[in-house]
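Notes follow once the structure below has been shown.
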Amino acid sequence: MRVETEQTWKTQLEKGQRAELQIADYYARYGFKPFIAHGHCPDGDIVLWNGGKYRLLEVKDCPNAIKYGSFAVEFSSAGRPSGLETTKADDWIFVVDCTAYSIPTLKLRELVRSGEYKTRETCGGKNKCWLIPIIDIELRSELLILAPYVA
């Protein structure tokens, strides 16, 4: 079981890193200078530089969003605040294949606090997430059309 869990984690990590590459490529095409943190920046996945200012981006690969009709947004891990509750990222970006939804973190926090969203436990009950319908994110976000990932 442990090997299977580690393999699943590795696969999810690889998919997440692909999503980060897609987002970095998107912003680079528009003149930004993205830096993919790969764990070197605990506050976000990508640091975007533009004109002496920077923005931190939290990138979430969401392959099951269409199937289930919602995005899972983590707020607790091992009984402690995590994810949206602790992030310092300026924007959250939900990636679904070649489409992404970019929403300011403050707007996402307002959304979860104003709505009656279902919660779900993941990782054997270790993590807790809000399930936010795709439409609620679509109505409040910027749509990004991404180039397909090519290895």
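Structure summary
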item	result
Share of carbon and sulfur in the accessible heavy-atom surface of the stretch 40-151 [1.4 Å probe, %]	51
Dipole magnitude (debye, nearest 20) for the stretch 61-122, charges at Cβ of Lys, Arg, Asp, Glu	160
Dipole magnitude (debye, nearest 20) for the stretch 1-141, charges at Cβ of Lys, Arg, Asp, Glu	160
Nearest-10 value in Å² for the accessible area of residue 135, using the 1.4 Å probe	90
Dipole axis of the chain (+1 Lys, Arg; -1 Asp, Glu on Cβ), positive-most option in 54, 81, 65	81
Accessible heavy-atom area order of 130, 9, highest first, probe of 1.4 Å	9, 130
Estimated vicinal HN-Hα couplings, Hz - the stretch 120-136 in sequence order (Karplus 6.51, -1.76, 1.60; Gly, Pro = x)	9, 8, 10, 6, x, x, 5, 10, 10, 9, 8, 9, 10, x, 3, 4, 5
For residue 70, distant residues with modelled amide H under 5 Å away	134
Solvent accessible area, Å² - residue 29, 1.4 Å probe, full protein context	130
Among (1) 187; (2) 126; (3) 113, the entry that matches volume of the Cα convex hull per residue in Å³ as calculated here	(2)
Taking the chain and dividing mean pair separation by its residue count, relative contact order in percent (alpha carbons under 8 Å, at least six apart)	22
Positive-end residue of 114, 103, 124, charge dipole of the stretch 96-149 with Cβ unit charges	124
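The values are calculated or read from the model by the stated rules, or taken from the named source; none is laboratory data. Being a predicted model, the structure only gives us computed values, none of them experimental. Counting neighbours? That spans all protein chains shown, and the Cβs are built from the backbone with ideal geometry, glycine included. Accessible surface is based on the protein model in full, side chains and every heavy atom, while ligands, DNA and RNA are left aside. Shrake-Rupley method; radii C 1.70, N 1.55, O 1.52, S 1.80 Å.
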